[in-house]
Each structure stands twice: as structure tokens, then as C-alpha cells.
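Asker: First the structure, which I've put down as C-alpha cells, then a few questions once you've had a look.
The values are calculated or read from the model by the stated rules, or taken from the named source; none is laboratory data. Because the structure is a prediction, the values reported are computed rather than measured. Quick reminder, even Gly has a Cβ in these numbers, built from the backbone with ideal geometry, and neighbours come from all protein chains shown.
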Amino acid sequence: MFCAQGRTFYLSDGGHFENLGLYEMVLRRCHCILVVDAGCDPHGTFEDLGNAVRKIRIDLGIDIEIDLDQLRRQPGGTTSGRHYTVGMIRYDTVDANAAAGTLLYLKASLTGDEPSDVQDYAARHPVFPHEPTSDQFFDEAQFESYRRLGEHVAWEVLSPALQRGEQDFSTLCQELHAPRGSTSRGGKEASPEKTTAPS
């Protein structure tokens, strides 16, 4: 942001308004949106997603239907059922002749099938993968554990389509939405099959 009369720019990562970049994508009516939520969320409240969905509904009149149940940690545990979910962006309720959009939402999370070194780091650092972002000085093990977890999550979600040679993101969204359980107005989805990432 900048002032036409000024000589300076205000550069921000967006966290003061909406941390995921979802608002601007919906504003532009993107129909297939991939969001990776790696924000610090130790209590599993999905604050960044909730903030984005709320602002989009208030400002743009567009609802986002998304079921987060499989992403929530099991009571008293550290793991969740899966790393991602697929939601529906209801452009069709506000724009004439528009189709609903697809939101592919990936969450930094543990399901118990992570590589052994990531599980080791998690066992020794119970807050992982939600250590506070105020820590700006990761050591080697910390950096590699986050990097490897991100690779694992992305591979598990995207590899079935990639292995079929599908490179078009729009078709990829449709593939993830259909065989793994499309999100209906009721918001329920079928559980996906697990896919093992390469070593």
C-alpha cells in the first residue's frame, strides 16, 4: 500500500488483515484455490481460516462451506485424521450463472504416518508443528522437520493426481473433490486413501 502523495511504501505480509490470502482470491472469483495454513495454531481453533471465511461473508456475501472435523486433533491426542479437506466456495449463490468454486485446504498437522525423523522431532517438541512464529531462528533439525512435514503433506494430497500425469490445477481440484468425497451443502466428506511419500 502507498499514498499517492508520499514517497514511501508500506509492505506487509497480510497478517494484519487476513493471513491466508484467501480473501483476495475469492474477490477475484478464482474457482480453484489452494490454501496452505502453516500458522501457529496450538489449540486447533483454525483462527486464520475462520477470520478469512468471516471477512469474505461480510464483505463479499459469499459463503465457504468446509468440514474441518477430520483435521481436528483427537481428544487428548496429538494427531488428526488427515492433513487436508476440500470446501465449496458458494459463488453460485451471489453471481448469476456462476458455478461454485473449490477450496483445497492443507493444514500443518500430524496424522501419525509421517517420516520417522519428523515423528522423533514431534515427540521431543510437543508443540510441533505449531511452535510460535516469534521464533525466527530455527536450528537445522527444526527447519528440516517443518520442511519434511510440508513435503509429506503435499505429496499425500497431490500425488494421486500427479501420478496420473495431471498437471492442470483446475482438473486436479475436481479429482480431489470427486473421488475423495465432494463437499455437499451438508458438508460431509468421505475419508481418503493414504498415499506414502517417497523417501
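Asker: On the basis of being on the phi < 0 side of the Ramachandran plot, surrounded by 16 or more Cβ atoms within 10 Å (Cβ to Cβ) and modelled with pLDDT under 95, does Val86 make the cut?
Answerer: So Val86 fits the description; yes.
Asker: Also, I was wondering about something else. Quick one: is Ile62 over 13 Å from the mean Cα position of the chain (by Cα), assigned to a loop (DSSP other than H, G, I, E, B) and modelled with pLDDT of 95 or more?
Answerer: Here the answer is yes, as Ile62 does meet what is asked.
Asker: Determine whether Arg57 is among the charged types (D, E, K, R), free of Cβ contacts under 8 Å to residues at least 40 places away in the same chain, more than 21 Å from Leu149 (Cα to Cα) and touching a strand residue (DSSP E or B) at 6+ places or on another chain (Cβ under 7 Å).
Answerer: When the stated conditions are applied, Arg57 does not pass them.
Asker: Test each condition in (1) within 23 Å of Leu22 (Cα to Cα); (2) acidic (Asp, Glu); (3) outside any helix (DSSP H, G or I) for Glu151 and report the one that comes out false.
Answerer: (3)
Asker: Looking at (1) touching a Pro at 6+ places or on another chain (Cβ under 8 Å); (2) crowded, with 19+ Cβ neighbours inside 10 Å, which is the one condition that is false for Tyr146?
Answerer: With (1) touching a Pro at 6+ places or on another chain (Cβ under 8 Å); (2) crowded, with 19+ Cβ neighbours inside 10 Å applied to Tyr146, the lone miss is (2).
Asker: Could you please find all residues in the range 120-145 being within 19 Å of Gly81 (Cα to Cα) and in a helix (DSSP H, G or I)?
Answerer: The answer is Ala122, Ala123.
Asker: While we're here: Name the one entry in Asp113, Asp117, Asp67, Asp95 that is outside any loop (DSSP other than H, G, I, E, B), in contact (Cβ under 8 Å) with a residue 12 or more places away in the chain and acidic (Asp, Glu). If you could, list the steps in order and put the result at the bottom.
Answerer: Values: Asp113 fails: outside any loop (DSSP other than H, G, I, E, B); Asp67 fails: outside any loop (DSSP other than H, G, I, E, B); Asp95 fails: outside any loop (DSSP other than H, G, I, E, B).
Going through Asp113, Asp117, Asp67, Asp95 in turn, just one is outside any loop (DSSP other than H, G, I, E, B), in contact (Cβ under 8 Å) with a residue 12 or more places away in the chain and acidic (Asp, Glu): Asp117.
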